[in-house]
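Trainee: Once you've had a glance at the structure underneath, I'll fire off some questions.
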Amino acid sequence: MVRVALLADEFRPDVRDDLARRLGIPVAIEGSAYAAAIGAGRDGAPEIVVGDGSRIRVELATRRRSGDSPLLRATGVGRGVHTIFDATAGLGRDAAELLAAGCAVVLCEREPWLAGLLELALQRAGLEGRCRVIRADAIEVMRSREEPRPDAVFLDPMYAPSGKRALPKAPAQALRELCERTPTSESDLLDAARRFAVRRVVVKRHPSAEPLAGERPPNVLRSKSVRFDIYPPLHGDAEPA
Ligand SMILES: C[S@@+](CC[C@H](N)C(=O)[O-])C[C@H]1O[C@@H](n2cnc3c(N)ncnc32)[C@H](O)[C@@H]1O
């Protein structure tokens with residue numbers, strides 16, 4: 001079922017049809033029959049319009065570097081990690097922080113319309129030299145070995161509705177409602193990531209959540225609202241995480 005549509009009256013007809021095709025979504029006169037709609041911001045860039053009318057922007061360019069943030073420390077940026085595979089890219093907020101720190105990031109997102117918004121954000125940010133978006137299931141991509149192996153794989157999968165989230169804020173809640181698919185197998189995701197990463201796998205969790213697939217990590221980095229579980233890779237040339 002298509003859950004997202006493009007709002008016809010917010011775009012010029014030529015832009016609207018091209019955008020609908022790029023995102024793989026229908027054009028709607030009004031969005032009430034859909035879980036969310038794509039509207040135009042003041043600058044014409046697409047925005048996700050959710051049920052309560054609030055708008056979410058997918059942006060990969062950030063104003064400032066976040067210095068020594070828990071995400072950068074957990075992923076090992078500045079300590080040998082330069083290339084990162086963000087397997088569950090979502091709205092690209094974590095990726096934007098990694099890009100601002102100078103990393104090369106591959107974003108993988110299986111919701112085609114969301115991957116399309118990330119591609120447009122990437123073009124606006126002018127970061128194509130060190131960032132790409134893949135529209136696919138990350139488990140298949142990591143297992144296929146068609147992509148170069150990254151220093152680190154970053155995972156921030158959805159939680160089951162009854163569980164806790166790593167990002168308990170409105171955009172994350174909206175995202176969960178919009179990305180209703182068969183839940184990703186936690187054990188397949190973690191296993192594929194650990195066989196794909198060269199140096200480490202980092203999983204973002206709510207501080208009180210169970211570890212992904214029930215697998216206790218050897219290293220944990222905690223901050224007030226988030227926990228990062230750090231796993232070594234599963235291959236012969238593993239380095240300590
Ligand atoms: C919690 S969100 C990630 C939020 C992201 N870290 C951010 O900063 O915006 C999880 C995302 O992972 C995507 N996802 C879940 N399983 C996936 C898979 N197997 N392959 C690719 N994307 C997946 C969902 O569609 C969703 O957009």
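Residue-wise test of (1) hydroxyl-bearing (Ser, Thr, Tyr); (2) in contact with a Pro (Cβ under 9 Å, 6 or more places away or on another chain); (3) in contact (Cβ under 8 Å) with a residue 40 or more places away in the chain.
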residue: Ala37; (1), (2), (3): no, no, no
residue: Arg42; (1), (2), (3): no, no, no
residue: Pro46; (1), (2), (3): no, no, yes
residue: Val50; (1), (2), (3): no, yes, yes
residue: Ala61; (1), (2), (3): no, no, yes
residue: Pro70; (1), (2), (3): no, no, yes
residue: Arg73; (1), (2), (3): no, no, yes
residue: Thr83; (1), (2), (3): yes, yes, yes
residue: Ala87; (1), (2), (3): no, yes, yes
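Trainee: From the list Ala5, Ala61, Ala45, Ala36, exactly one residue is touching a strand residue (DSSP E or B) at 6+ places or on another chain (Cβ under 8 Å) and at pLDDT 90 or above. Which is it?
Mentor: Ala5
Trainee: Quick test of your reading of the structure: Ala160 fulfils all but one of (1) within 9 Å of the ligand (Cβ to nearest atom); (2) modelled with pLDDT under 95. Name the failing condition by number.
Mentor: It fails just one condition, (1).
Trainee: A further question follows. Do we find that Ile48 is within 16 Å of Trp113 (Cβ to Cβ) and crowded, with 21+ Cβ neighbours inside 10 Å in this structure?
Mentor: Yes.
Trainee: Let me ask another. So Ala89 clears everything in (1) outside the structural domain of Arg132 (by TED's automatic domain parsing); (2) surrounded by 15 or more Cβ atoms within 10 Å (Cβ to Cβ) except one condition, right? Which one?
Mentor: (1)
Trainee: Of all residues in region 107-157, which are part of a strand (DSSP E or B) and away from the ligand (no atom under 13 Å from the Cβ)?
Mentor: Cys131, Arg132, Ala152
The values are calculated or read from the model by the stated rules, or taken from the named source; none is laboratory data. Computed from a predicted model, the values in this text were never measured in an experiment. Neighbour counts are summed over all protein chains in view; Cβ atoms, including those assigned to glycine, are modelled from backbone coordinates with ideal geometry.
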